[in-house]
1. Mind telling me which of the residues G318, G296 ends up being closer than 24 Å to D164 by Cα and more than 16 Å from the ligand (Cβ to nearest atom)?
2. Counting only residues that are touching a Gly at 6+ places or on another chain (Cβ under 6 Å), crowded, with 17+ Cβ neighbours inside 10 Å and at pLDDT below 95, how many does region 74-98 have?
3. Filter region 274-297 down to the residues that are hydroxyl-bearing (S, T, Y), more than 16 Å from I323 (Cα to Cα) and in contact (Cβ under 8 Å) with a residue 40 or more places away in the chain and list them by number.
4. Step by step: first the residues of region 214-244, then only those that are hydrophobic (A, V, I, L, M, F, W, C) and over 28 Å from the mean Cα position of the chain (by Cα), then the one that is farthest from the ligand (Cβ to nearest atom). Which residue is that?
5. With P147, P141 as the choices, which residue is surrounded by fewer than 17 Cβ atoms within 10 Å (Cβ to Cβ), within 16 Å of the ligand (Cβ to nearest atom) and over 18 Å from A45 (Cα atoms)?
6. Of everything in region 299-315 that's within 16 Å of the ligand (Cβ to nearest atom) and assigned to a helix (DSSP H, G or I), which residue is farthest from Q275 (Cα to Cα)?
7. Is it true that P87 is over 21 Å from the mean Cα position of the chain (by Cα), more than 16 Å from the ligand (Cβ to nearest atom), assigned to a helix (DSSP H, G or I) and in contact (Cβ under 8 Å) with a residue 12 or more places away in the chain?
8. Output the residues belonging to region 118-144 that are touching a Gly at 6+ places or on another chain (Cβ under 9 Å), among the charged types (D, E, K, R) and closer than 25 Å to Q67 by Cα.
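The values are calculated or read from the model by the stated rules, or taken from the named source; none is laboratory data. Given the structure is predicted, the values throughout are model-derived calculations rather than measurements. No Cβ is skipped: glycine too gets one built from the backbone with ideal geometry, and neighbour counts run over all protein chains shown.
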Amino acid sequence: MFETVPNGLLRGHGNVTLYLSEGESSKKKYYDVLIIGSGPAGYTAGVYTSRAKLSTLIISGTLPGGQLMTTSEVENYPGFPSGIFGPELMMNMRQQSERFGATIIDDEVIKVNFKKKQFTITTHSETYVAESVIVCTGASPRKLGIPSEQKFSGRGVSYCATCDGPFFKGEDIIVVGGGDTALEEATFLTKFGKSVKVVHRRDSLRASKILQEKALENPKIEFVWNNVVSDIQGDKKIATVIVKNIASSKEMPLNAGGLFVAIGHEPNTSIFKGQLDLDDKGYVLLKDYTRTSVEGVFAAGDVHDHRYRQAVTAAGFGCMAAIDVERWLSERHIKK
Ligand code: NAP
C-alpha cells in the first residue's frame, strides 16, 4: 500500500497522512493532483480530476472562490438564464468538486518546490506532496490605492465592465486607465451609461491604435487627460469622483454613478518566481496547451490568461488542465 519515495517519505495513494520518522513533527500528505487556487479554474479542475478518480487536494487561498466572491450578479455564465450571484456560483462549484471526492483546504500556499519530484507545497500549517500540480492562483485587479476605494468597492467601484456594466444603466460612468482594457471597457460601457469619461494619467494612450480610434471617435466618450483619481465620495453609493491634475495638482469633482478601474491586473505568482517560467509581467508562461516550464506542473485561468479573464474561460482552462494532468499521469504510470 505504501512505497518509499526519493525524499524518504512513505507514500500512499489517496488522501493518506504520512508521518515523518526523525526530527520532523509536521504531517505530510500525498495527492495525485494538488490544485492551488479556488476560482472557476481551480474548482473545475477539481471536478474533473476527482471524477477521474485521482486523489485531489484543492488549497483555496486567502479568498476561497476567488474574484467572483466579490461580485454581485453574474449574468453571462452559461446555464443560469436568470443570472446567479457570484458567491452562489462559487459555492456550487465547490460542492460539485467535493461531490466527486476532492479535498478542499482553506489555507494559503506560502512556498512550493517544483525543482524535484514529487513536488512539495507548503501552506501556513502543512506541507503536502503531490505527483502533479495545477496552478490556478488567478490575478488580482490593480488597485488605485486610495483610502475611499475599498469603501465603495461593490457600491459603484468595479474592476470588470463585462461583469458589472449592465448594472449602470443611465449613470455617469468614469473609467480609469489608458490601456486596451480601459478603452474596450469604456466603449462597452457607452451601451449603458448616460456618459463615459476616461481618466488617464498621461496625455497619450497605451492602447492599440484600433481601440484608440474607436474610443476617440465615440461621441459618448470624453477623455480627462493628465489626471488621476484622488478621492471617491458619496453616501451609500458613489456620487462624485475627485480627479487631480498631475501637473497643477488642481482637483476637480466629476459626477459619477460608477467608477471602473482598468489599470491592469497583477497575476498572483510571487510564490512561483524561480520555480516556473513567467513572462515579463509575471504571468505563467505555457509551453503547450496547459503545460508550464516544469513537467508535471500545469496552469489554468487568469494566472496565465490576461486576454479573456472570464469565469467561463477560466473554467474551460481548468477542465483542459485536468485532462492534461490525467493524460500525463497515465502516460507516466504506463511507462513505469
Ligand atoms: P495595461 O496595458 O498595463 O494598461 C494599464 C493602464 O493603466 C495604462 O494606461 C497605465 O498608464 C494605467 N495605470 C497603471 N497603473 C496606474 C495607476 N496606479 N493609476 C492610474 N493609471 C494607471 O493593462 P490592460 O489595459 O489591462 O491590458 C493588459 C494586457 O491585455 C495588454 O497586453 C493588452 O494589450 C491586453 N488586452 C488586449 C485586448 C484586446 O486586444 N482586445 C483587450 C484588453 C487587454 P500608463 O499608460 O501611463 O502606464
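1. Working: G296 fails: closer than 24 Å to D164 by Cα.
It is G318.
2. Start the filter on region 74-98 by keeping residues that are touching a Gly at 6+ places or on another chain (Cβ under 6 Å), which leaves 74-75, 90, 97.
Those still in the list that are crowded, with 17+ Cβ neighbours inside 10 Å too: 74, 90, 97.
Among the residues that remain, those that are also at pLDDT below 95 are: 74.
Going through region 74-98 one residue at a time, the tally reaches 1.
3. Going residue by residue through region 274-297, those that are hydroxyl-bearing (S, T, Y) are 283, 289-290, 292-293.
Filter once more, so that each one left must be more than 16 Å from I323 (Cα to Cα): 283, 293.
Of everything in region 274-297, just one residue is hydroxyl-bearing (S, T, Y), more than 16 Å from I323 (Cα to Cα) and in contact (Cβ under 8 Å) with a residue 40 or more places away in the chain, namely Y283.
4. The initial filter retains those residues of region 214-244 that are hydrophobic (A, V, I, L, M, F, W, C), namely 215-216, 221, 223-225, 228-229, 232, 238-239, 241-243.
Those still in the list that are over 28 Å from the mean Cα position of the chain (by Cα) too: 216, 221, 223-225, 239, 242-243.
Working: L216: 15, I221: 15, F223: 12, V224: 12, W225: 11, A239: 21, I242: 14, V243: 11 Å.
The residue in question is A239.
5. Details: P141 fails: surrounded by fewer than 17 Cβ atoms within 10 Å (Cβ to Cβ).
Result of the check over P147, P141: P147.
6. Going residue by residue through region 299-315, those that are within 16 Å of the ligand (Cβ to nearest atom) are 301-310, 313-314.
Then drop every residue that is not assigned to a helix (DSSP H, G or I), which leaves 313-314.
Working: T313: 25, A314: 22 Å.
Here the residue is T313.
7. Numbers: over 21 Å from the mean Cα position of the chain (by Cα): no; more than 16 Å from the ligand (Cβ to nearest atom): yes; assigned to a helix (DSSP H, G or I): yes; in contact (Cβ under 8 Å) with a residue 12 or more places away in the chain: yes.
Judged against the criteria, P87 is not a match.
8. Listed by number, the list holds a single entry, R142.
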